[in-house]
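Input: a single structure, listed below in structure tokens.
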Amino acid sequence: MSEPSGAQPGFKRLNFFKGLVTYYTDWIDNESYRRDKHRWHNMRCHGPGVVTGYDGELVVTGRGDLSIEVQPGCAIDGSGNELMLLDTVIKQVRTEGLKLPQTVYVVARYTEELTDFISYKQNLAVRGHRRVLEGCEIDVTPLLPNVAKEIELARILLDKDVRALTDAADAQAPKPNEIDLRYVLRAGHAGPGIDASMQLALTSMLANARHALGLMYRGGRVAQAQDALHQVIAMSAVHAAELSDTRTALELFAMLLELQIAIYVEIKLEHARLTQLPQHGEWVSQLRVMQQALRDRGPALPRLTLLINTQHRINDVVRAMFAAAPTTVGKPA
């Protein structure tokens with residue numbers, strides 16, 4: 001937001017009136033106003049980071065060799081620029097010139113390119129580019145990212161014997177030569193970022209889960225079900241506050257799955273009679289579907305829809321299990 005010397009500070013836009021004569025500098029000022037205002041909004045209302053829920057969310061994955069794949073997506077840098085990557089990018093990670101072991105950073109940067117050059121035969125002095133193409137470049141650098149100019153998409157600790165780059169087996173504790181996504185910033189949201197139909201589906205599923213897990217804990221005496229019930233109550237509170245965007249919802253589902261796996265272990269060790277019920281196999285099968293949906297790297301919204309539908313099915317199966325459960329459930333077999 002540049003202003004002439006002595007000008008009143010603030011955003012100034014063109015004010016058109018009948019008879020106003022404009023020059024090309026006026027139109028440059030008009031476009032600068034729009035761009036400065038938009039960047040200000042991005043910086044103050046959203047902040048820098050990857051935009052959640054858009055396309056492939058710029059997710060970085062290993063390819064089993066010394067290259068990585070970056071999915072399409074959008075991010076906002078610390079200057080308020082929007083970085084749009086429209087196609088998947090494959091980037092080679094080069095070790096020449098690096099002193100291994102060395103951490104390298106996968107970053108996205110905002111770019112501009114002048115296009116649509118035009119000149120006039122009548123006056124060759126009048127010439128120039130009619131358009132500016134805004135873009136995004138992906139780079140791998142050993143330098144710590146400068147958030148004002150670039151957004152970190154991943155980091156990788158390369159060891160001396162690096163031969164291949166892979167996804168992290170444990171996302172919370174990546175090993176050398178594994179993709180580390182823990183330091184990726186997320187741009188803020190205005191509103192929940194989930195449409196009305198999914199909001200209703202999530203509300204219904206959470207109510208169903210509270211009933212099913214309460215039945216499992218109180219009626220079946222499955223102790224681990226209490227922790228899962230508390231998780232569902234916490235998810236309900238986040239959802240009621242309209243804070244459950246796609247990223248948050250996926251993280252909460254991951255915690256819920258972990259607690260339901262703990263229930264599976266308890267049933268196997270302490271409530272063996274429940275494993276004899278016909279619904280038990282379906283319950284385990286649906287937990288596996290949920291596990292696979294959380295492991296996938298695809299777009300967030302289809303995965304979230306699958307998770308909601310799968311948890312609905314799990315809730316129904318749990319209710320059926322305990323409607324058919326023997327009265328001695330709760331006593332160690």
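The values are calculated or read from the model by the stated rules, or taken from the named source; none is laboratory data. None of these values were measured; they are calculated from a predicted model. For neighbour counting, all protein chains shown are included, and Cβ atoms are generated from backbone atoms with ideal geometry for every residue, glycine included. All accessible areas refer to the heavy atoms of the entire protein, side chains included, with ligands and DNA or RNA removed. Shrake-Rupley method; radii C 1.70, N 1.55, O 1.52, S 1.80 Å.
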Tell me which residues, restricted to the stretch 57-92, are surrounded by fewer than 19 Cβ atoms within 10 Å (Cβ to Cβ), over 30 Å from Y33 (Cα atoms) and in contact (Cβ under 8 Å) with a residue 24 or more places away in the chain. T61, R63, G64, D65, L66, S67, T88, V89, I90, K91, Q92
Answer yes or no: is there a residue in the stretch 110-126 that is open to solvent by 50 Å² or more (accessible area, probe 1.4 Å), basic (K, R) and touching a strand residue (DSSP E or B) at 6+ places or on another chain (Cβ under 7 Å). no
Checking Y54 against (1) surrounded by fewer than 19 Cβ atoms within 10 Å (Cβ to Cβ); (2) modelled with pLDDT under 95, the condition it does not meet: (1)
Can you find a residue in the stretch 260-267 that is within 23 Å of A207 (Cβ to Cβ) and under 26 Å from the mean Cα position of the chain (by Cα)? yes
Mind listing just one residue for me: the one in the stretch 17-36 that is loosely packed, with under 10 Cβ neighbours inside 10 Å and among the β-branched types (V, I, T) and, of those, nearest to N81 (Cα to Cα)? T25
Which numbered condition E134 fails, given (1) in contact with a Ser or Thr (Cβ under 9 Å, 6 or more places away or on another chain); (2) acidic (D, E); (3) at pLDDT 95 or above: (3)
Residue check, A324 modelled with pLDDT under 90 and open to solvent by 70 Å² or more (accessible area, probe 1.4 Å): no
Got a sec? Which of L158, L181 is touching a residue at least 24 places away in the same chain (Cβ under 8 Å), of a type outside the set (K, R) and under 23 Å from L256 (Cα atoms)? L181
Can you work out which of the residues in the stretch 228-276 that are farther than 22 Å from A320 by Cβ and of a type in the set (D, E, K, R) is modelled with the highest pLDDT? E258
With respect to G80, determine if the residue is touching a helix residue (DSSP H, G or I) at 6+ places or on another chain (Cβ under 9 Å) and more than 16 Å from T166 (Cα to Cα). yes
May I ask you to say which residue of G10, G64, G80, G73 is of a type outside the set (A, V, I, L, M) and modelled with pLDDT under 90? G10
For the stretch 280-303, give me the residue count where each residue is out of contact with any strand residue (DSSP E or B) (no Cβ under 7 Å at 6 or more places or on another chain) and farther than 24 Å from H230 by Cα. 7
Cross-chain or 6+ apart pairs with Cβ under 6 Å, the stretch 289-307 first and within 19 Å of L181 (Cβ to Cβ), then of a type in the set (A, V, I, L, M, F, W, C) and open to solvent by 60 Å² or more (accessible area, probe 1.4 Å): A293/L306
Scanning the stretch 157-175 for residues that are part of a strand (DSSP E or B) and within 19 Å of the chain's Cα centre (by Cα) gives D167
Kindly indicate whether any position in the stretch 46-61 is under 19 Å from I179 (Cα atoms) and among the charged types (D, E, K, R). yes
